[in-house]
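The values are calculated or read from the model by the stated rules, or taken from the named source; none is laboratory data. Note that the structure is predicted; figures quoted are calculated from it, not measured. So basically every Cβ, Gly included, is an ideal-geometry build from the backbone, and we count neighbours across all protein chains shown.
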Amino acid sequence: MNLFKKIITYRPSFTVRILAGLVGFLAMLSVCTIVGISDIGALGERDINFKARSIEAGARTYAEQCARCHGLDGKGIEANGPTLSHISFVGKSEETIAANNVLGSKEVTKSTRLTQLGWTGSLVNYIRGVVAAGIPIKSAADWETIHPTFSQAYGGNLREDEVNNVSNYVANWALAPYESDDVILPPEPGTGGTPRPTAVPLSAEQEKGKELVVSLGCNACHAIRGVMNGAVGPNMTNIATIAEGKVTDEQYKANVKDQPAATTAEEYIVQSIYHPNAYIEPQCPQGACAAGIMPQTYEQSIPAADFTALVSYLLTLK
Amino acid sequence: MAIVGQKLVQQLKTTGLKATLAQRLDDGFTRFTSGLSWNDVRGVLRGDPAPRPNTRVKPHTEGFWFHIRPSFYHEAVTTLYPTFRLGFLSAWIFVLEIITGIFLMIFYTPSPGAAYPNMIDIMTNVPFGKFMRDLHRLGAEAMVVIVTLHMWRTFVTASYKKPRQFTWFTGVLLLIITMFLSFSGYLLPWDQLAFWAVTIGTSMADAAPLAGPTINVLLRGAPEIGAGGLLRFYLLHVLLFPLIGVVFVAVHYYKVVRFGISLPPEMEAVGEDTARKVTPDKRVNFMPDILTNELMYVAVAYAILAISTVTWYAGAPLENHANPLVTPQHTVAPWYFYWLQGLIKIPHIFPFFPSDWGITASIDGFFANVLGLTPKTLWGIVIPPLVILLLVVVPYIDPNPSRRYADRKVAITLGVLFELLILYLTLGGRPQGVPVTGFGDVRGDPATEVAQDFIPDEGESIIKAIPYDQLVVGTHEVVEDLNVPDAPELNTVVHELRDEMIKKMQLSDPAKKLSNDATATLAVTQLQDNLKSVLLTINYTDAEGTAKQFTKGAWVHKDAGHAE
């Protein structure tokens, strides 16, 4: 109790005050000096730590968003997504993390894919662009499936930091890329990909049909490249070619219900409009197609002349 | 001008250049200090006795900074007891917060896209950036502690009594402002910790009757915290709260000077206040004694904070980027709000009967049906303002005129009980709740908890802290005696994991010991050249006898620095 009393009634002498104050002041100065000196190296170390953590976070996003098409190991999945971890795409780099953000540093092998595409920026910036803005046009992808836009800025679901993290992760494959020939790669630019529709001059009736696809409201659900952009039902850009294929398609013949199977492309198109539930396409832009979405009243509601014009236009979409 | 010039020439002629220069410099110095020459200041810092006539009073009458300080104190308040200098320290930590805060403001943009990269930039690109950030955070926490202790001291020495009731009131406001300042700064790093702590905090406001949802939207700027909410919290943190703080510090301090620092209770007759009646023999002059004392206190306090920042203090955390779609396990408010979280966890309106009596449920039903009052609204919304109100009215409801400890047994006992209650609620506010009584334990099924302890998405992760080289690729059974060569830390962690899993399983199911069949594996895969993934799989049977599997993964980069 006496000691306690001594402590709480302690009045430091003048010398103690000046000395303790000086010691405190000098200690503060020393801490600042030590921090200043150690930060010279520590800043760089922390920089590497945070870049490494960005790759860790990117690995999670990759597993959640990218792996279903490109595979968890980045080796690609046939008909879904090409190989990402291959040397022809990521090239080969010696440097660990820094190389991903600095153009061309410590690069041992250049990415042949980027050279083919004529991309002159860094690998990670190319990846960032594709992840964020996608390759939403088939002709640009040279690939059966388009690449979705993932950035929230382009209607996707990833924030900017997630786009950056996942790009850092993909670019990190450049340290030890996959080098075997057993890979899934997109065709060289200009040599393959989706056939482009040939431009055929339309007759007056077909022109009328082209206006009808919009005025009848087909555009609410369907897309025809350069005409309309619906994203619910199947894409109509190549419907004539598809319809021709269907009439010999066993899968179609086996699944058509309540209606005779069409034998010509025209019959298939007519059937699809008048009896939409007769056959349901497996794949729609937002997942599996469903019966009953498309109205079943067009046989009654579209005048015969208009209908003929409509079908004649759709048959030009080869 | 001509006259000034003449005087100078005259002086130069009579006393020479050196003496003239010295005299002129000292003149300027004296004007700067409002009346103290260089020799006077030297005398103050040497502890010399005051000169006659006493020039040291001049700054108190003529200068701005010292006119707000008294020219002498009562001898009895210049020891550590009774004030412990807590109010003084609070004010100077506030100054420290302003200095470090302005430094951080330079490198910060209050926008969801920029805030988090700014934080990384402060730590990786700005010299002193991490130090300033950690010091700012430590200072904020220290300020909450010291302001609370200051209030506690004022209560114990009964310094809130007449005529200092209003001073106490401004003090309560300053305590609230301190907490709000600390809390509003919480959101700014824009990481998961920030986002969810503030989401919880503002959702409390949301639950308030009538104006609650409006207050919530005003705070958040939208139904959910986003760009608007971040900007608002930033402005509250750097503008509104500091401004209110400065105003009330001024009022508070004016009152302290006006009434004087209350003397130790035992020195005064009951009901008297003699702080301002200081006989000349009891006076301790501000200069040199108080001034040097305070310089020492500030220097030592700042040194302790600076040294703590670079030694034992873990530093301000930075978790993953804020993600409104992913709620981390066990989201908590800052520790000084744990008592509020503890309050919300009280399950009944009247929680003092054992709940199996049925009467507690009937009371809950009655209040819910008749008044529309649920336990959550009562304890989370109605009670906290009442606690603040209670603090405010303490000086007015305390009928005891005496400040002596012996006369205040009831008040001090009540105060201690109040503190213990807050402490109990604080413990209960944590996810693991209060030991022994189990109040506030919100932990989920054992597998989730084991994963949360060893491999959480946010915060320190024991498994990620295993050195990269020792995370040996392969699937390791989680067994007592795992013996992977050259991986002692992996073996130790797996051993601890096994113990903890068995312990948690048994705790969750004490009777049946179903836990004995719990097995787990830790699968380490090499994903990229410098990146491994770790997957923890726990197979167990839950209390209902259903076989369950729980998995949780993490990614570890060679250079991420988790092991440090």
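Here is how the numbers come out for the structure above:
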item	result
Cross-chain or 6+ apart pairs with Cβ under 7 Å, segment B:63-85 first and closer than 16 Å to B:Val256 by Cα, then acidic (Asp, Glu)	B:Thr78/B:Asp289
Only one of B:Arg404, B:Arg443, B:Arg430 that is more than 22 Å from B:Phe337 (Cβ to Cβ) and among the basic types (Lys, Arg)	B:Arg404
Number of the exception - B:Leu325 against (1) surrounded by fewer than 16 Cβ atoms within 10 Å (Cβ to Cβ); (2) assigned to a helix (DSSP H, G or I); (3) more than 22 Å from the chain's Cα centre (by Cα)	(2)
Count of segment B:37-75 residues which are within 14 Å of chain A (Cβ to nearest Cβ) and not aliphatic (A, V, I, L, M)	9
Sole exception among (1) touching a residue at least 24 places away in the same chain (Cβ under 8 Å); (2) assigned to a loop (DSSP other than H, G, I, E, B); (3) more than 14 Å from every other protein chain (Cβ to nearest Cβ) for B:Ala314, by number	(1)
Selected residue [more than 14 Å from chain A (Cβ to nearest Cβ) and at pLDDT 85 or above] from B:Leu535, B:Leu490	B:Leu490
Pairs with Cβ under 9 Å, 6+ apart, first in segment A:157-182 and assigned by TED's automatic domain parsing to the domain that holds A:Phe89 and more than 16 Å from A:Lys75 (Cα to Cα), second surrounded by 22 or more Cβ atoms within 10 Å (Cβ to Cβ) and among the acidic types (Asp, Glu)	A:Asn165/A:Glu56
Matching residues, segment B:459-478, being of a type in the set (Val, Ile, Thr) and either assigned by TED's automatic domain parsing to the domain that holds B:Gln192 or in a loop (DSSP other than H, G, I, E, B) (or both)	B:Ile462, B:Ile463, B:Ile466, B:Val472, B:Val473, B:Val478
Subset of segment A:43-88 (residues that are without any contact (Cβ under 8 Å) to a residue 40 or more places away in the chain, in contact with a helix residue (DSSP H, G or I) (Cβ under 7 Å, 6 or more places away or on another chain) and not in a loop (DSSP other than H, G, I, E, B))	A:Leu43, A:Arg46, A:Asp47, A:Phe50
Some residue of segment B:431-441 being surrounded by fewer than 17 Cβ atoms within 10 Å (Cβ to Cβ), in contact with a strand residue (DSSP E or B) (Cβ under 8 Å, 6 or more places away or on another chain) and either on the phi > 0 side of the Ramachandran plot or at pLDDT below 85 (or both)	no
Every pair of residues 6+ apart whose Cβ atoms lie under 9 Å, when the first sits in segment A:17-41 and is more than 15 Å from B:Leu45 (Cα to Cα) while the second is of a type in the set (D, E, K, R)	A:Val35/B:Lys130; A:Asp39/B:Lys130
Neighbours by Cβ (under 7 Å, 6+ apart or cross-chain): first from segment B:28-42, assigned by TED's automatic domain parsing to the domain that holds B:Thr61 and touching a residue at least 60 places away in the same chain (Cβ under 8 Å); second assigned to a helix (DSSP H, G or I) and among the aliphatic types (A, V, I, L, M)	none
Selection count where residues are surrounded by fewer than 18 Cβ atoms within 10 Å (Cβ to Cβ) and touching a residue at least 12 places away in the same chain (Cβ under 8 Å), scope segment B:93-112	4
Exclusive hit being at pLDDT 95 or above, over 15 Å from B:Pro395 (Cβ atoms), assigned to a helix (DSSP H, G or I) and not acidic (Asp, Glu), set B:Ile200, B:Ile177	B:Ile177
Test: residue in segment B:343-355 that is in contact with a Pro (Cβ under 7 Å, 6 or more places away or on another chain), of a type outside the set (A, V, I, L, M, F, W, C) and in contact (Cβ under 8 Å) with a residue 24 or more places away in the chain	yes
Identity of the residue in segment B:161-204, of a type in the set (Val, Ile, Thr), touching a Leu at 6+ places or on another chain (Cβ under 8 Å) and over 19 Å from B:Leu389 (Cβ atoms), that ends up surrounded by the most Cβ atoms within 10 Å (Cβ to Cβ)	B:Val198
Subset tally (residues that are more than 9 Å from chain A (Cβ to nearest Cβ) and either part of a loop (DSSP other than H, G, I, E, B) or out of contact with any Leu (no Cβ under 7 Å at 6 or more places or on another chain) (or both)) for segment B:285-310	6
Tally, over segment B:281-304, of residues that are surrounded by fewer than 21 Cβ atoms within 10 Å (Cβ to Cβ), more than 29 Å from the chain's Cα centre (by Cα) and not acidic (Asp, Glu)	4
Every residue from segment B:78-117 that is at pLDDT 90 or above, more than 22 Å from the chain's Cα centre (by Cα) and among the aliphatic types (A, V, I, L, M)	B:Ile106, B:Ala114
Single condition B:Asn216 does not satisfy, out of (1) farther than 28 Å from B:Thr167 by Cα; (2) polar (S, T, N, Q); (3) surrounded by fewer than 14 Cβ atoms within 10 Å (Cβ to Cβ)	(3)
Filter result for the condition that a residue is part of a helix (DSSP H, G or I) and at pLDDT below 90, over B:Asp499, B:Asp481	B:Asp499
Checking A:Met236 against (1) in contact with a helix residue (DSSP H, G or I) (Cβ under 8 Å, 6 or more places away or on another chain); (2) crowded, with 18+ Cβ neighbours inside 10 Å; (3) more than 18 Å from A:Ser215 (Cα to Cα), the condition it does not meet	(3)
Pairs where the first residue, in segment A:243-268, is under 18 Å from A:Glu299 (Cβ atoms) and the second is basic (Lys, Arg), C-beta under 6 Å, 6+ apart	A:Tyr268/A:Lys246
Test: residue in segment B:123-137 that is facing chain A (nearest Cβ under 10 Å), polar (S, T, N, Q) and outside any helix (DSSP H, G or I)	yes
Out of B:Leu104, B:Leu89, sole residue that is out of contact with any Asp or Glu (no Cβ under 8 Å at 6 or more places or on another chain), assigned to a helix (DSSP H, G or I), under 29 Å from B:Pro324 (Cβ atoms) and away from chain A (no Cβ under 12 Å)	B:Leu104
Residues that are of a type in the set (S, T, N, Q) and assigned to a helix (DSSP H, G or I), drawn from segment B:138-157	B:Thr148, B:Thr154
Residue that is farthest from the other protein chains (Cβ to nearest Cβ) [pool: residues in segment A:1-42 that are assigned to a helix (DSSP H, G or I) and basic (Lys, Arg)]	A:Lys6
Within segment B:264-280, considering residues that are part of a helix (DSSP H, G or I) and not acidic (Asp, Glu), the one surrounded by the most Cβ atoms within 10 Å (Cβ to Cβ)	B:Pro265
